[in-house]
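Asker: Below are the structure tokens for one structure; questions will follow.
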Amino acid sequence: MDLWVEKSEFIQGLYLTQGVVEKRNTLPILANVLIESTGNEIVLTATDLEVGIRRTCKGKISRSGTVTLNARKLYEIVRELPADDLILRSGEGGWVEVIGGKSRYRMVSMDPKEFPSIPASTPVAKKAGVAMTLSAGVLAEMIEKTLFAVSSDETRLSLGGVFIESIEKNQIRMVATDGHRLAFVERQIAGIELRPGVILPRKGLVEAKRLLEGSEGDVTFSIAGNLARVERSGVELFMRLIEGEFPDYRQVIPKESKRRVRVDREPLFGALHRVAILSSERSRGVKLRLQPGTLEVVTTNPDIGEAMEEIEVDYTGDEFSIGFNARYLLDVLGIAGVTGTVEIGLTDEVSPGIVRIDDDEGYSYVVMPMRL
Amino acid sequence: MSARPRRDAAAPAPHTVRLGDVRGQERAIGFLRRAWERRRLAHALLFTGPAGVGKLATARALALGLHCDVAPFDACGTCDACRTIVAGTHPDVRVVTGPLPERRDIAIEQVRELQRELGFRAMSAHPKIGIVNDAEYLTLQAQNALLKTLEEPGGDTVLVLVAVNASALAPTILSRCQRVTFDPLPTADVVAILEAHGRGGPEAHALAAYAEGSPGQALVFDAEFFAHRRREILTRLAAAGRGGFKGLADFAQELVSEDKDLVPALTVIASWYRDALRQRALGADAELRNADLATELPDLSIAASLRNLETTYGTIIALRQNANRNLTLVRMLLQLAS
């Protein structure tokens, strides 16, 4: 391999690999980035067998070839090099020279044959599977609004990801739950359909969010060969699908609530946040006491003390109180971009509460109450 | 021998080991082949048998055999599946190689990690394969965590547990696995394997006999130790008895300073009395571990050989329990000499 590439182009690709490469270091080759060069394209691939990223860079290739180099070290070297462009050249005995200006580095390449093979995304593959185009912003928002509710319980693997499906044409849903709370988002997008649904892994979505945050315009989301892919110009993020059935979330979402409270996000978030300081470390339980016009957020912890904050709310029903894990409420109130009004629907002390934010009809957050 | 073979020392450089390359396990592999041909391969298998006879090699080769499209139930060695399975980077074939460094058991976290890795939909059109080597080192919690996966692994999955000592596994694990037993190899096969690894020569037979049909054990034995130290120890043992108390004490001192790990030295001494016992009981037909030194074997009664064997093994146990090395050895040698 012998190639020339602009540093800025190359470093962008290497940057994307950093979140993906294996950190546990059980398989050294997975800490490497695969660099393939043919024609005038350089393709960088990194994977930890769960999530992977592939970035295509433009360059001049005088001798095509494939090497694998330690992703972190290469990134650090390239980032620091005082040069505008680089030469990568493989030599005898698995050595690869990285040359920028007057700096020369030699790195050891591991055998590319050991690198996991990931089927490339091709139009044929997409045709066999499902592919859809949607705005990067919408996909990022849907991930943001569900990802935090994914279970971290290692014994319930099918809850360890976000379920994505369409119930009808031109509509897409994402759902995540850990058994205590559930986040549901639905958007109408022309030309979209995904049936049956699939479960996307948490790590893949964390990386997808990272990728989408810097993107404008449309991205392609596709499912083929048990891989989900998010693609934008020159970058392809792929993630494996989680096996198993996602529970029937529709049963969990209350159809209607007897009591409705409307409240500004800011004061509620603040009150919960402060009161939770004195709640029990383990359960984070706080009590919401409702009276017409006011909401009291209360906690009593015999070991440390008690707290009470009162905020004004739009509520006209009877006196009522219910306990919740403060963290579950703070999670939904803390979603980036949520600024306006929050509506909480409650029925009784033991029925799940439902939170809607910013009058978004397509979003529901269901949270189970606690006995306090 | 010591509780666990030093596997890393014997681990060959990654290369394709096919089911057909596993020597001396035709019965076990034939069983797996018939099950595969009838599409009746169990989803939970337990490979048991002595250490170093090819259980893990068979499990890995089985993964190749189930995944290689070019050569089914064999391996072409060059396709993507073969290359990545051998390299350990095939997403559908995951292996727990044993306890983590610095640990004596396989922790529940390792089982959870395996379950997570197998919790994705298969990338290939073949079953996902999870291998747990040294399964007897699973902690009880780890075993319990594994139960659910053994019972109903998600999707098409084959779990292979590899264990020397299956009785260390919970009955709930055993009842969920189809058991495949692996036999010790005939000494001639072990010698052939040693030769194939460049470890032939006059000591190969003794090494093979010591390894009790386990090529893996034979390969981790220190050849240098066998070539020189074994003879030295046995010759000195015979001489020490004639040198009175001083001779025995000197010999004990020598063992303590020469042999950092006393277990191999004591195993050699035990083998000496085992040979004496076999020769007395079986006569000229006896297969001896120290066949090359047969002429120097002591002529002991069966009772005396047994007593000496007991003394030697008792000493190995005592040393494991951190007894004073020098004193314990002197005591042992005195008893052996009496």
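The values are calculated or read from the model by the stated rules, or taken from the named source; none is laboratory data. Values in this document were obtained by computation on a predicted structure and should not be read as measured data. Cβ atoms come from the backbone with ideal geometry, glycine included; neighbour counts cover every protein chain shown.
Table: residues versus (1) more than 20 Å from A:SER121 (Cα to Cα); (2) of a type in the set (A, V, I, L, M); (3) touching a residue at least 40 places away in the same chain (Cβ under 8 Å).
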position: A:ARG156; (1), (2), (3): yes, no, no
position: A:GLN171; (1), (2), (3): yes, no, no
position: A:GLU193; (1), (2), (3): no, no, yes
position: A:GLU207; (1), (2), (3): no, no, yes
position: A:ASN226; (1), (2), (3): no, no, no
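Asker: If you don't mind, another one. Go through region B:296-338 and give me each residue that's out of contact with any helix residue (DSSP H, G or I) (no Cβ under 8 Å at 6 or more places or on another chain), within 22 Å of B:ARG242 (Cα to Cα) and aliphatic (A, V, I, L, M).
Answerer: Those that are out of contact with any helix residue (DSSP H, G or I) (no Cβ under 8 Å at 6 or more places or on another chain), within 22 Å of B:ARG242 (Cα to Cα) and aliphatic (A, V, I, L, M): B:ALA303, B:ALA304, B:LEU327.
Asker: Let me ask you something else. Specify which of the listed residues (A:SER364, A:SER351) is small (Gly, Ala, Ser), within 18 Å of A:GLU144 (Cα to Cα) and surrounded by 14 or more Cβ atoms within 10 Å (Cβ to Cβ).
Answerer: A:SER364
Asker: A follow-up question, please. One residue is enough: does region B:44-65 have a residue meeting the conditions in contact with a Ser or Thr (Cβ under 8 Å, 6 or more places away or on another chain), more than 30 Å from B:THR315 (Cα to Cα), surrounded by fewer than 22 Cβ atoms within 10 Å (Cβ to Cβ) and modelled with pLDDT of 90 or more?
Answerer: Checked region B:44-65: no residue is in contact with a Ser or Thr (Cβ under 8 Å, 6 or more places away or on another chain), more than 30 Å from B:THR315 (Cα to Cα), surrounded by fewer than 22 Cβ atoms within 10 Å (Cβ to Cβ) and modelled with pLDDT of 90 or more.
Asker: Does A:SER103 satisfy the criteria of being away from chain B (no Cβ under 14 Å) and in contact with a helix residue (DSSP H, G or I) (Cβ under 9 Å, 6 or more places away or on another chain)?
Answerer: Judged against the criteria, A:SER103 is a match.
Asker: Only one of A:ARG79, A:ARG72, A:ARG63, A:ARG54 is among the charged types (D, E, K, R) and more than 29 Å from the chain's Cα centre (by Cα). Can you tell me which?
Answerer: Within the list A:ARG79, A:ARG72, A:ARG63, A:ARG54, the selection yields A:ARG63.
Asker: Kindly check whether there is at least one residue in region B:77-91 that is in contact with a strand residue (DSSP E or B) (Cβ under 8 Å, 6 or more places away or on another chain) and more than 14 Å from chain A (Cβ to nearest Cβ).
Answerer: Within region B:77-91, none of the residues are in contact with a strand residue (DSSP E or B) (Cβ under 8 Å, 6 or more places away or on another chain) and more than 14 Å from chain A (Cβ to nearest Cβ).
Asker: I'd like to check which helices (runs of 4 or more DSSP H) are fully inside region B:240-334 and have at least 2 residues that are touching a residue at least 40 places away in the same chain (Cβ under 8 Å) and small (Gly, Ala, Ser).
Answerer: B:244-258, B:262-282
Asker: Would you please name the residue that is farthest from the other protein chains (Cβ to nearest Cβ), looking only at residues in region B:129-142 that are over 17 Å from A:GLU154 (Cα atoms) and assigned to a helix (DSSP H, G or I)?
Answerer: My answer is B:GLU136.
Asker: Does region B:97-119 contain any residue that is of a type outside the set (S, T, N, Q), closer than 17 Å to B:HIS15 by Cα, buried (at least 22 other Cβ atoms within 10 Å of the Cβ) and more than 10 Å from chain A (Cβ to nearest Cβ)?
Answerer: no
Asker: Of the residues A:GLU50, A:GLU9, only one is surrounded by fewer than 22 Cβ atoms within 10 Å (Cβ to Cβ), within 30 Å of A:LYS209 (Cβ to Cβ) and in contact with a helix residue (DSSP H, G or I) (Cβ under 9 Å, 6 or more places away or on another chain); which?
Answerer: A:GLU50
Asker: In this structure, is A:GLY204 within 13 Å of chain B (Cβ to nearest Cβ), closer than 23 Å to A:VAL43 by Cβ, under 13 Å from the mean Cα position of the chain (by Cα) and crowded, with 20+ Cβ neighbours inside 10 Å?
Answerer: yes
Asker: Select the helices (runs of 4 or more DSSP H) contained entirely in region A:37-153, then report the ones holding at least 3 residues which are closer than 30 Å to A:ARG327 by Cβ and out of contact with any strand residue (DSSP E or B) (no Cβ under 7 Å at 6 or more places or on another chain).
Answerer: Ranges flagged: A:136-147.
Asker: Then there's this: Can you tell me which residue in region A:176-199 is surrounded by the fewest Cβ atoms within 10 Å (Cβ to Cβ), limited to those that are under 17 Å from the mean Cα position of the chain (by Cα) and more than 13 Å from A:LEU139 (Cα to Cα)?
Answerer: Only one residue tops the list, namely A:ASP178.
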